[in-house]
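**Q** Take this structure first; my questions come after.
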Amino acid sequence: MVLADKSPLVLAGLSHLFDVDDRFTLLATAADGERFIEAVERLFFDVGIIGWDMPYMDGRGVLRELRRRDEVPRIIVYTGNASPEVPRQVMWLGGAGFCSKSEPPERLLETVVAVSEGRMVFPFMDLG
């Protein structure tokens, strides 16, 4: 797994959350979308967790870039952005999951497990 978020505090917290859980192997962290794409090019991993609002390349840009590539990780967007449009955009751009930073940490862990098993995880949304 590789994590990307603009906040050093969020990266540190997520790193700890996944390091203490034997179900996960954290390979790298990135402070922005460009560094995340570099990790995709260098490493093989199944699941990536990215922020939506990041410098240099935001979550939307990361998902667009990954659509042009073969053999990419499944992506979960983990964000504090409360816009109801964000989960729709993540789904439309090929993301595998969405989790709000307002949810308890266990929800993110459940989301990662589900996505690693091939499922998609999104909150209820009206797609009409």
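Laboratory data are not the source of any read-out in this text; all were calculated from the coordinates shown. What you see is a predicted model, and the numbers here were worked out from it, not measured in a lab. Here the Cβ is made from the backbone with ideal geometry for all residues, glycine too, and neighbour counts use every protein chain on show.
**Q** So how far apart, in nm, are the two label points at His16 and Ser83 if each is 7 Å from Cα heading toward Cβ?
**A** 3.1
**Q** Taking only the alpha carbons of the range 88-128, what extent do you get along each of the three principal axes, in Å, biggest first?
**A** Principal-axis extents of the Cα atoms in the range 88-128, largest first: 30, 23, 14 Å.
**Q** Report, in deg cm²/dmol and to the nearest 500, the calculated mean residue ellipticity at 222 nm for the chain, where each DSSP H run with n ≥ 4 adds -39500 (n - 2.57) and the sum is divided by the residue count. Don't skip to the answer; put the middle values down first.
**A** Working: 5 runs with 51 residues, N = 128.
Taken over the chain, the calculation gives -12000 deg cm²/dmol.
**Q** May I ask for the Kirkwood hydrodynamic radius of the chain, worked out over all distinct Cα pairs and given in angstroms to one decimal?
**A** Values: mean 1/r = 0.0696 Å⁻¹.
The answer is 14.4 Å.
**Q** Evaluate E = 1/(1 + (r/R0)^6) for Phe44 and Lys101, where r is the Cβ-Cβ distance and R0 equals 30 Å; express this FRET efficiency to the nearest 0.05. Before the final figure, lay out the partial values.
**A** Working: r = 27 Å, r/R0 = 0.91.
The value I calculate is 0.65.
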